[in-house]
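What follows draws every value from the coordinates through simple rules; no lab data is involved. No experiment lies behind these values; they were computed from the predicted model shown. Here the Cβ positions follow ideal geometry from the backbone for every residue, glycine too, while neighbour counts run over all protein chains shown.
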Amino acid sequence: MSAGLLRQRIAEGASARPVQGHWQPISVCLDQDAGEFLNVGVVFSSGSKVEVRMLDTFDRMKCLYDRRFDQNDFAHYLLDIEEYLYKTKGDFPDEIDPNIRLGNKLFAAGASAEAIVNEYFEDVVTLAKPKGNARNTGFRYTSTPKLRENIFQIMKQKMHMTASAIIKDERYRLKMRNGAFMDVDTPLLSASAAGSIVSAWYKSPLVVSNNILQGYSDLMVVSSNSDRKTAMSILIPDNESGLDTIEYQKLSDAVSRQIDRIRNSGVEVLAASSTDVLANKTIEWWSDKAA
């Protein structure tokens with residue numbers, strides 16, 4: 001092979017894998033007596049960009065821990081870890097917690113951050129493999145931090161400086177009518193409006209209900225202590241998301257109950273089953289409220 005052809009192939013390989021950074025396995029210890037750490041996720045970082053995928057099927061965990069394992073508590077535990085990792089913007093500490101650790105940083109390159117995470121997740125998180133003859137439906141959850149990041153990006157592209165004025169990366173310190181202060185999670189905020197962005201793209205109806213309830217509670221605190229209008233943007237799985245019929249129906253029922261309650265309280269609900277559509281609905285609602 002000529003040197004020119006070799007350089008061409010190397011260049012073609014680099015162009016097919018434009019994203020470069022480092023990946024690390026995420027491990028937790030649930031049994032301090034045994035001291036065993038289990039891989040429950042993968043994180044990839046490239047500068048300040050972070051991509052995370054956590055375990056979201058727990059059949060094998062149930063086999064390991066029997067009645068000691070609470071699926072809902074564990075799901076929230078993993079979501080808290082994921083949210084924390086996104087907030088670090090790639091500046092991970094040496095130790096998150098004595099029972100939570102990240103493996104050594106290893107170089108990785110691929111077509112996208114998500115593709116890289118998926119590749120290594122399949123390799124190292126063996127607890128995610130279907131048990132027995134169970135079918136892997138291909139459902140992939142979308143976390144609230146990841147959804148917000150994607151919607152913010154679209155808003156900045158289409159609204160430019162207006163988006164930057166209303167996007168809040170940190171919790172907002174709200175002065176209440178009684179003079180006290182409270183920190184609230186309102187990722188979109190202006191003088192006249194407040195908005196929440198919530199993902200319902202999970203398998204667990206309880207996780208979804210809790211996510212929506214948390215967002216709704218913060219909006220209620222804002223509306224009762226100011227004259228701001230409120231809206232909640234919700235990403236909702238459709239019947240082609242990879243959920244089976246029973247899972248989809250349970251989730252749909254849980255989301256419908258929450259949305260009815262929210263709308264009845266006067267909060268505008270912006271719902272869609274794709275990030276792009278949800279971002280456009282959010283942009284449209286905020287178009288005259290950003291000042």
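Order of F58, F37 from fewest to most other C-beta atoms within 10 Å?
Ranked by crowding around the Cβ, least crowded first: F37, F58.
With axes computed from alpha carbons, what is the tilt in degrees of helix 3-16 against the longest principal axis of the chain, rounded to the nearest 10 within 0 to 90?
Approximately 30 degrees, to the nearest 10.
Which ³J(HN,Hα) values, rounded to whole Hz and listed in residue order, are derived for the stretch 213-229 from phi using the Karplus coefficients 6.51, -1.76 and 1.60 in 6.51 cos²θ - 1.76 cosθ + 1.60 with θ = phi - 60°, glycine and proline given as x?
Values per residue, Gly and Pro as x: 4, 4, x, 5, 4, 5, 5, 5, 5, 5, 5, 7, 10, 7, 9, 6, 7 Hz.
Give the order of D185, D123, D73 when sorted by the count of other beta carbons within 10 angstrom, beginning with the fewest. Can you show the working numbers first?
Details: D185 18, D123 11, D73 8.
Placing the least packed residue first, the sequence is D73, D123, D185.
What size of dipole, in debye to the nearest 20, comes out for the stretch 144-286 about its Cα centre when the only charges are +1 on Lys and Arg C-beta atoms and -1 on Asp and Glu C-beta atoms? Each step should come with its number before you reach the end.
Values: 17 positive and 16 negative charges, 104 e Å.
That gives the stretch 144-286 a dipole magnitude of about 500 debye.
PRE reach from S273 (point 7 Å along Cα→Cβ): which of the stretch 238-264 fall under 20 Å by backbone N?
Backbone N within reach: 238-260.
Pop out the ³J(HN,Hα) list for the stretch 45-60 in order, Karplus 6.51 cos²θ - 1.76 cosθ + 1.60 with θ = phi - 60°, rounded to Hz; leave Gly and Pro as x.
Result, rounded to whole Hz: 10, 9, x, 8, 8, 10, 10, 10, 9, 10, 4, 9, 10, 10, 4, 6.
Hey, what did the chain get for relative contact order, percent, Cα under 8 Å, at least 6 apart?
Numbers: 444 pairs, mean separation 45.4, N = 291.
Over the chain, the number comes to 16 percent.
Let me have the 222 nm mean residue ellipticity of the chain computed from DSSP H runs of 4+ only, each contributing -39500 (n - 2.57), with the sum over all residues rounded to the nearest 500.
Helix-only estimate at 222 nm: -14000 deg cm²/dmol.
Work out the length of the dipole vector of the stretch 3-128 about its Cα centre, built from +1 on the beta-carbon of each Lys and Arg and -1 on the beta-carbon of each Asp and Glu, and round it to the nearest 20 debye.
So the dipole magnitude of the stretch 3-128 works out to roughly 660 debye.
Per 0.36 nm of contour for each residue apart, how much would the distance between R171 and D31 grow if the chain were fully extended, relative to their Cα-Cα spacing?
Answer, rounded to one decimal: 47.1 nm.
Please report the relative contact order for the stretch 3-128, taking Cα pairs under 8 Å with a sequence separation of at least 6, and give it as a percent rounded to a whole number.
38 percent
Tally Lys and Arg at +1 and Asp and Glu at -1 over the other residues with C-beta under 13 Å from the C-beta of A290: what net charge comes out?
For residues surrounding A290, the net value is +4.
Pick out, from T88, V125, A111, the residue whose Cα sits farthest towards the positive end of the charge dipole of the stretch 3-128, with +1 on the Cβ of Lys and Arg and -1 on the Cβ of Asp and Glu.
Checked the options; the winner is A111.
What's the magnitude of the charge dipole for the stretch 61-214 around its Cα centre, counting Lys and Arg as +1 and Asp and Glu as -1 at the beta-carbon? Answer in Debye, nearest 20.
520 debye
Please arrange T275, T245, T186 by how many other C-beta atoms lie within 10 Å of their C-beta, fewest to most.
In increasing order of surrounding Cβ atoms, one gets T245, T275, T186.
Which is farthest toward the positive dipole end of the stretch 144-286 among A279, T230, N211, measuring Cα position about the Cα centre, with Cβ charges +1 (Lys, Arg) and -1 (Asp, Glu)?
Going by the Cα projections, it comes out as T230.
I want to verify a result. In a Gaussian network model of the chain, Cα cutoff 10 Å, which of these has the top mean-square fluctuation: N39, N118, N104?
N104
What is the distance, in nm, between label points placed 7 Å from the Cα along the Cα-to-Cβ direction at D66 and at A180?
4.5 nm
Tabulate in residue order the Karplus-calculated ³J(HN,Hα) for the stretch 74-80, using 6.51 cos²θ - 1.76 cosθ + 1.60 with θ = phi - 60°, rounded to whole Hz; enter x for Gly and Pro.
5, 4, 5, 4, 5, 5, 5
By how many nm would the segment from R263 to R101 grow when fully extended, if each residue of separation counts as 0.36 nm and the alpha-carbon distance is taken off?
My answer for the length gained is 54.2 nm.
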